[in-house]
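Novice: Submitted below is the structure of interest, expressed as structure tokens.
Every number in this text was worked out from the coordinates using simple rules, so none of it is lab data. Because the structure is a prediction, the values reported are computed rather than measured.
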Amino acid sequence: MARREPQIGDVFALRRGGGGADLLGRVVSTSAIVGPTHGCIVVYVYRGDAPRPRRDDLLLPPILTMRGAWSRGYFAHLRSEPLLPGDYFERHVFRDAQGRFYDEEARPLDAPEPGEAVGEWRLFEVEAIETAVAAALALLPPRVAREPKAATEQDGYELEARPPSVEEYVRLRREAGLS
């Protein structure tokens with residue numbers, strides 16, 4: 001069966017190795033230009049697994065890529081949806097290796113606006129996307145700390161959610177062999 005060509009508005013899953021949950025992504029342009037290469041794809045990769053991904057949920061700045069992520073199975077098409085206002089940025093800003101800024105059609109830009117997401121003006125192969133996603137996920141704070149399991153009487157201890165008193169603190173340090 002022939003693979004489907006990515007289309008504007010497509011929502012896809014990133015198939016990550018290592019048992020990690022799939023992340024969602026979205027195609028926001030299929031006509032970007034990077035250097036001499038036309039027909040590049042601008043994608044967003046989102047944090048978490050929101051059923052309706054929004055631009056405010058980006059894990060990474062916009063990424064420029066080609067069809068390789070789909071043909072290699074790293075991106076798997078889930079559904080097609082029209083892009084609505086608020087789903088995408090009106091302008092995409094990318095920085096090249098020399099620090100110059102460009103839009104998705106290779107037009108030079110002045111400095112980005114405050115708070116504007118700035119991507120790299122280069123084509124990301126699958127391995128580079130995987131590396132960027134892994135690095136971004138490593139920097140995210142844990143979602144929600146789980147409540148500790150309550151100790152039972154037969155465990156021989158009781159869990160109290162409070163700092164130790166001065167006497168308890170000194171005793172604990174002494175018993176642990178600390179000064």
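Novice: What residues qualify as long-range amide H neighbours of PHE89, i.e. H under 5 Å apart, gap of 5 or more or another chain, H built at 1.01 Å from N?
Specialist: none
Novice: I want the antiparallel fraction of DSSP beta bridges within the range 61-137, as a percent rounded to 5.
Specialist: About 50 percent, rounded to the nearest 5.
Novice: Shape of the range 61-120 from its Cα gyration tensor (a ≥ b ≥ c, root eigenvalues): rounded if a/c is under 1.5, otherwise prolate when a/b > b/c, or oblate?
Specialist: Taking the square roots of the gyration eigenvalues as a ≥ b ≥ c, the range 61-120 is oblate.
Novice: Amide H of LEU60 versus every other amide H placed in the peptide plane: which residues, excluding those fewer than 5 positions away on the same chain, fall under 5 Å?
Specialist: HN-HN under 5 Å from LEU60: VAL45.
Novice: Next up: Please compute the contact order of the range 1-118 in relative form: average sequence separation of alpha-carbon pairs under 8 Å and at least six residues apart, divided by the residue count, as a percent.
Specialist: RCO, the range 1-118: 25 percent.
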